[in-house]
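The next block holds one structure in the form of structure tokens; read it before the comments.
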Amino acid sequence: MIRVFQIRRILKSVLLSTIFAIYIGSGASALDGPGISGKISDPDGKPLAGVAITLANNENTIQGLTDATGAFELAAPSAGKYTVSIDVATLPAGLTIAEPGPEREITFVQGPKVLIFKTQVGTSADQVAVKRDSKIPQLVVDGLLFGLTIALGAMGLNLIFGTTGLTNFSHGELLTYGAFTAWTLNYLVGLNMLIAVPLSLVISAFLWGWAQNRYLWKPLRRRGTGLMAMMIVSIGLALTLRYSALAIFGGSPRNYNQYAAQAGLDIFGVAITPKALIMAIIAIITLAIVLFWLKNSKIGKATRAVRDNPDLASATGINVEKVISYVWTLGGFLAALAGITVGINQDVSWRMGQILLLIMFASVTLGGLGTIYGALVGAITIGVLIQLSTLVLPTELKTVSALFVMIAILLFRPQGILGKRERVG
Amino acid sequence: MTTDLHQEHIDNSAKALIKADNLIAGYFPGVPILNGSDLYANEGELIGIIGPNGAGKSTLLKALFGLVKVWSGEVTLRGENITNMRADELVTRSIGFVPQNNNVFPSLTIEENLEMGCYQDPSKFVDSFERVSSLFPALKDRRKQKAGSLSGGERQMVAMGRALMMNPSVILLDEPSAGLSPALQDEVFIRVKDINKTGVTVIIVEQNAARCLQIVDRGYVLDQGQNAYTGTGRSLANDPKVIELYLGTLAKS
């Protein structure tokens, strides 16, 4: 009986809890310095007026109420760390603020932030009861979205490793530079994202992918540089590119001037922004095309042949350098798409590639180094795992769980999930 | 190098399809493996290279195919200088090469392995596949199987098949019988002879010298990177010095 009762409560909450609160992007806000803005409405979308909001730190306390359209706007006197809280007593009876609750920590670097407070029907006791269970679908979806993005980057990393043997520590910077290329075109040049993104994918493929191989890695290979030396070169290159990005674009996170803040959709109780959904669909289509190409096209098959045995591929009549050149171009393209996806869903920062690099390595190792589907399977697994780990681990440790899995895989199944041991003789 | 053999080589090789003159080559600077080897093969000939371990047999074959850097000397194909040319360019010029080890792409299917053989001209695939599968019928039935799951003998068939896909005029085989059971070795030699009968010039390096000399038209006996003896397969197999030094008791029995 208890279980039926619990399920009914969960169902009630899941069904009734809808999104809302929300949004409004850059244009509508009058804030030009640190501050918060947003909108609060009930689960049916009706704006809630007169909800009390407080923005406070050790020195200042700013209070405000939502207006007739449910909108609020509070300017902070200076940058720094603040606590934002909503007075739940001023909400209509029976409503609460959904996860992560009515109180938030927020840090202003520069400029205003948009805060999203979702309301839901139910008391806080209900909320605690359903907390863990209702979180799982959301975390799995978040993990899948993240995993798809990682898969784009990991696919290129894996192909480059497979065909050249290079453990490319500067692959993360391919993501960073792809994202900044799009930011330059969008924010500085002022192109619409629908033009800036495809354009920067092409630029990144040729500039960061093709040209990098042509003018750095190909000459090194021709000189017979060892793999270990090349790996060290890649570490040096990663640092050079990373700090160049810091010097050129500055240290604070950047946003594209479109799609920066967006209202979430509620799909069966899982919140997902339209932009994240669209980027996920683009990622799926891209990955499907790449896998199909590897499996069936002439160059794709040659890529697998080079990965198996470059010397034999050459002796068979394949121009190995040409294949590697294709792989780097594709790698640059995929990494840029991954970087731009992160930029759209979160922000563009000089350290983004560094943070994602180890997760990509973990994905590739988990899936099976050099196998075609390895990067994809590994990335999705790692993405979901990272998100689910927050159920039991502090959020700060979530990336660690990915690396822990990588170590465990190397200990117990070194060939990865999909890797096969090969018959000898 | 004995000057007599070199003079004989120059006299006879004028019309050769593929020819190597006075090759000096090696893997590390200052350590030559070949100390002036000569070799030629006429159109349609089956040539064997034998000799003790470390004589430079495989190195000679690799030098012909640009896999070992030639320091001095010249390799020509129909009179064109092909010394130190990149392997994929040699395939374009209709030379096929089958390495001794790791000679298939394990994660590709048998069919895909053969497809890679005519990578430079995929339009040849259908015809070549028919031709190759008539030489190696076993391949046709198992075309969708991954090459990595095959035995050593089966891999050798795939590797030779792949090298034949571009319809080469010369094919270079590096110890095709190595590591195989005696029965399979016989099978390989029969296949090599079959390939040669289709008009392809074959140059084969072999450890199994006695068996090799039975099928070849002419043979080269290498010692310390130089030609020690040359002659027809039969004459070498019966030459007392060759038997003494390189064939040992195996040939006498």
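Of everything in the range A:312-341 that is within 22 Å of the chain's Cα centre (by Cα) and among the small types (Gly, Ala, Ser), the residue that is nearest to B:ALA87 (Cα to Cα) is A:GLY331.
I'd like to check something: does the range A:315-330 contain any residue that is on the phi < 0 side of the Ramachandran plot and not in a helix (DSSP H, G or I)? Yes, the range A:315-330 has at least one match.
One residue is enough: does the range B:35-43 have a residue meeting the conditions in contact (Cβ under 8 Å) with a residue 12 or more places away in the chain and touching a helix residue (DSSP H, G or I) at 6+ places or on another chain (Cβ under 6 Å)? Within the range B:35-43, one or more residues are in contact (Cβ under 8 Å) with a residue 12 or more places away in the chain and touching a helix residue (DSSP H, G or I) at 6+ places or on another chain (Cβ under 6 Å). Regarding A:LEU388, is this residue in a helix (DSSP H, G or I), closer than 29 Å to A:GLY251 by Cα and at pLDDT 85 or above? Judged against the criteria, A:LEU388 is not a match.
Got at least one residue in the range B:88-101 being buried (at least 24 other Cβ atoms within 10 Å of the Cβ), under 24 Å from A:LYS301 (Cβ atoms) and among the small types (Gly, Ala, Ser)? Yes, the conditions are met somewhere in the range B:88-101.
Going through the range A:349-385 one residue at a time, which ones are outside any helix (DSSP H, G or I), polar (S, T, N, Q) and under 15 Å from the mean Cα position of the chain (by Cα)? Across the range A:349-385, the qualifying residue is only A:SER349. Only one entry of B:ARG142, B:ARG162 meets the criterion of being over 30 Å from B:PRO240 (Cβ atoms) and in contact (Cβ under 8 Å) with a residue 40 or more places away in the chain, and that entry is B:ARG162. For the range A:303-335, residues that are more than 7 Å from chain B (Cβ to nearest Cβ) and basic (Lys, Arg) total 2.
For the range B:88-120, give me the residue count where each residue is within 9 Å of another protein chain (Cβ to nearest Cβ), in contact with a helix residue (DSSP H, G or I) (Cβ under 9 Å, 6 or more places away or on another chain) and not acidic (Asp, Glu). The qualifying residues number 19.
Can you tell me which residue among B:SER151, B:SER133, B:SER123, B:SER128 is hydroxyl-bearing (Ser, Thr, Tyr), facing chain A (nearest Cβ under 9 Å) and over 21 Å from A:VAL306 (Cβ atoms)?
B:SER151
Considering (1) within 19 Å of the chain's Cα centre (by Cα); (2) acidic (Asp, Glu); (3) within 13 Å of A:ILE318 (Cα to Cα), the lone condition that B:GLU74 does not fulfil carries the number (3). Among residues of the range B:74-87 that are within 14 Å of chain A (Cβ to nearest Cβ) and surrounded by fewer than 17 Cβ atoms within 10 Å (Cβ to Cβ), those with a Cβ under 6 angstrom from a residue that is assigned to a loop (DSSP other than H, G, I, E, B) and not basic (Lys, Arg), sequence gap 6+ or separate chain, pair up as B:ASN84/B:GLY66. Highlighted here are the helices (runs of 4 or more DSSP H) found entirely within the range A:216-297 that include at least 1 residues which are surrounded by 12 or more Cβ atoms within 10 Å (Cβ to Cβ) and among the polar types (S, T, N, Q): A:227-249, A:274-296.
The values are calculated or read from the model by the stated rules, or taken from the named source; none is laboratory data. Bear in mind the structure is a predicted one, so any value in this text is a computation, not a measurement. Backbone-built Cβ (ideal geometry, glycine too); neighbour counts: all protein chains shown.
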